[in-house]
Amino acid sequence: MARNDTRKIRLGIGLQGGGGHWRDPDVADGAAADIRSYIEYARIGEAGKFDFGFIADSSFISHDSTWPFLTRLEPVTALSAISSVTTHLGLIGTMTTSFSEPFTTARQLASLDKVSGGRAGWNAVTSALEGLGRNHGHDKLHDHALRYRIANEYLEVTAGLWDSWEDDAFVRDRANNVYVDFDKMHTLNHKGEFFAVQGPLNIERSPQGRPVQFQAGASEAGRDLAARHADGIYSNFSNTGGLEGAAEFYKDIKRRAVAHGREPGDILIFPSFAPIVGDTPEQAREIYERGKQFIDIEHAVKYLGRYFNFFDFSQFPLDEPLPKLGEEVGKNGFTAYAEHYKKIAREQKLTLRQLALIASSPADTFVGTAEYIADKMQEAFEFPALDGFVLHGTHKTARAFVEKVVPVLQKRGLFRNEYESTTFRGNLGLRYPVNRYAGARAVGKVA
């Protein structure tokens, strides 16, 4: 049914090469580190008028890591290549605030923003794997609270660096021999608890002002950091407790944003999902079950352990109720996920096998016909429990979603028919970030 509501569903697509399972014949050999596979996802997303593509990342692996993490492309490098073969798709890469320098990050992302014509974004993560510290000259991972204090200052610094130049600073007036108006250059001179950064950044502002910022924290500290700084949040239906829990998460984030002096629409919430569409419910279920056959239990147990800083779950019997895990297990890893899995294991008396498969397998909430999947999306959107979705799956399942489900959403007035803007920020409907230093001279622009 057509709608008059102006609010639209936003869509992103995971760009990680291959998707699915490496044993699946629908996934090309070596796709996880093959730029052609990433580009194919980007082309599928842009053909569907999606808002953005997203590359998840982590720079630590071990023998306990599962196959998706063992070989992968560095996000900024891959997104730069993708930018050259796309024109509208937003480009988001994950970058750590715990083990990188804000000036370098600000410069890389500002460059990507210019290269892509205002389509860059980043997923700012605090990092939750112990080995990351050892890969960056530290003995261990920072504790949870410290990671978020560092992140808050890091985000203040990068935002300040992206405001180094006012929008119209580079006049390039050949006739009067004026390349730049230095009154519109601003030096940060930041000296804080964790960072000392002089500035200014040696690149002018992009058409969208600053890269779009995403975060994925679900803990108390993560929620507050996101509500203060982020334009978008990645979430997870299972981690928030289904539709009702997702709605509570949605309201909480919007409330926190308002408390920080923002508008509810300044921050958008995107759970991930892996829809399987078929011409009939039976066909969709068959495709879903076929995909599950490639997930072996050893992989699933290792995948679960990653959320607990690679805790060794293999020490427990597969088909007995999982023993009670102490508070220290998972405390300094992916805290919100670890607490969620401990909670459902305890409340539902799950075996290790059951819990591992829940953690490693996509839920079957969005398995069915195009109309059914559109119904479920519309229900969650209008509840409201979210502002959009991030699509994951193989090239084949992603293409089926674009070809079959997107037209249904468009017919109902839930999703765009054409891009509204040339910038990522503009397509998300986010306000243009006025340069903090410009004052009355700020250039009146829309995203």
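If you check Phe249, Phe237, which single one turns out to be under 24 Å from the mean Cα position of the chain (by Cα), surrounded by 14 or more Cβ atoms within 10 Å (Cβ to Cβ) and under 19 Å from Asp364 (Cα atoms)? Before you say what the answer is, go through the steps one by one.
Working: Phe249 fails: under 19 Å from Asp364 (Cα atoms).
Going through Phe249, Phe237 in turn, just one is under 24 Å from the mean Cα position of the chain (by Cα), surrounded by 14 or more Cβ atoms within 10 Å (Cβ to Cβ) and under 19 Å from Asp364 (Cα atoms): Phe237.
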Identify, please: which residue in segment 78-115 is touching a Ser or Thr at 6+ places or on another chain (Cβ under 9 Å), under 19 Å from Phe194 (Cβ atoms) and not hydrophobic (A, V, I, L, M, F, W, C) and is, among those, modelled with the lowest pLDDT? Ser98
Filtered residues of segment 276-295 (kept if surrounded by 12 or more Cβ atoms within 10 Å (Cβ to Cβ) and out of contact with any Gly (no Cβ under 9 Å at 6 or more places or on another chain)): Gln283, Glu289, Arg290, Lys292, Ile295
For residues in segment 340-363 being surrounded by 17 or more Cβ atoms within 10 Å (Cβ to Cβ) and touching a residue at least 60 places away in the same chain (Cβ under 8 Å), which is farthest from Arg290 (Cα to Cα)? His340
What is the one condition in (1) surrounded by fewer than 21 Cβ atoms within 10 Å (Cβ to Cβ); (2) at pLDDT 95 or above; (3) part of a loop (DSSP other than H, G, I, E, B) that Gly118 does not satisfy? (1)
Looking only at residues that are in contact with a helix residue (DSSP H, G or I) (Cβ under 7 Å, 6 or more places away or on another chain) and open to solvent by less than 40 Å² (accessible area, probe 1.4 Å) in segment 63-80, which one is farthest from Tyr154 (Cα to Cα)? Thr66
Verdict on Gln198 being modelled with pLDDT of 95 or more, of a type in the set (S, T, N, Q), open to solvent by less than 60 Å² (accessible area, probe 1.4 Å) and under 31 Å from the mean Cα position of the chain (by Cα): no
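So, in segment 223-234, how many residues would count as being among the acidic types (Asp, Glu) and open to solvent by 30 Å² or more (accessible area, probe 1.4 Å)?
Pass one, segment 223-234, residues among the acidic types (Asp, Glu): 224, 231.
From what's left, open to solvent by 30 Å² or more (accessible area, probe 1.4 Å): 224.
Residues that pass the stated criteria total 1.
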Enumeration of residues in segment 87-109 that are open to solvent by 10 Å² or more (accessible area, probe 1.4 Å) and more than 13 Å from the chain's Cα centre (by Cα): Thr87, His88, Ser98, Phe99, Ser100, Glu101, Phe103, Thr104, Arg107, Gln108
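Given Phe424, Phe366, Phe381, which one is aromatic (Phe, Trp, Tyr) and open to solvent by 10 Å² or more (accessible area, probe 1.4 Å)? Even if it seems obvious, please write down each step before you answer.
Details: Phe424 fails: open to solvent by 10 Å² or more (accessible area, probe 1.4 Å); Phe381 fails: open to solvent by 10 Å² or more (accessible area, probe 1.4 Å).
Within the list Phe424, Phe366, Phe381, the selection yields Phe366.
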Condition test on His136, is it open to solvent by 60 Å² or more (accessible area, probe 1.4 Å) and part of a loop (DSSP other than H, G, I, E, B)? yes
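Consider segment 46-62. How many of its residues are outside any loop (DSSP other than H, G, I, E, B), open to solvent by less than 10 Å² (accessible area, probe 1.4 Å) and not β-branched (Val, Ile, Thr)? Steps first, please.
The initial filter retains those residues of segment 46-62 that are outside any loop (DSSP other than H, G, I, E, B), namely 46-47, 52-55.
Filter again for open to solvent by less than 10 Å² (accessible area, probe 1.4 Å), leaving 52-53, 55.
Now narrow it down to the ones that are not β-branched (Val, Ile, Thr): 52-53.
Summing the residues that are outside any loop (DSSP other than H, G, I, E, B), open to solvent by less than 10 Å² (accessible area, probe 1.4 Å) and not β-branched (Val, Ile, Thr) in segment 46-62 gives 2.
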Have a look at Glu193, Glu220 and point out the one that is more than 19 Å from the chain's Cα centre (by Cα) and either among the acidic types (Asp, Glu) or surrounded by 16 or more Cβ atoms within 10 Å (Cβ to Cβ) (or both). Glu193
Per the list (1) in a loop (DSSP other than H, G, I, E, B); (2) out of contact with any His (no Cβ under 7 Å at 6 or more places or on another chain), residue check on Asp183 breaks on (1)
When segment 18-45 is examined, which residues are found to be within 12 Å of Trp67 (Cα to Cα) and open to solvent by 10 Å² or more (accessible area, probe 1.4 Å)? Gly19, Gly20, His21, Trp22, Arg23, Gly30, Ala32, Ala33
Within segment 296-311, considering residues that are in contact with a helix residue (DSSP H, G or I) (Cβ under 8 Å, 6 or more places away or on another chain) and outside any helix (DSSP H, G or I), the one least open to solvent (accessible area, probe 1.4 Å): Phe308
Among the residues of segment 317-337, which ones are open to solvent by less than 40 Å² (accessible area, probe 1.4 Å) and modelled with pLDDT of 80 or more? Leu322
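The values are calculated or read from the model by the stated rules, or taken from the named source; none is laboratory data. Computed from a predicted structure; not experimentally measured. Ideal geometry is used to build each Cβ from the backbone, glycine not excepted, and the neighbour counts take in all protein chains shown. Just so you know, the surface numbers come from the protein's heavy atoms only, side chains and all, with ligands and any DNA or RNA stripped out. Shrake-Rupley method; radii C 1.70, N 1.55, O 1.52, S 1.80 Å.
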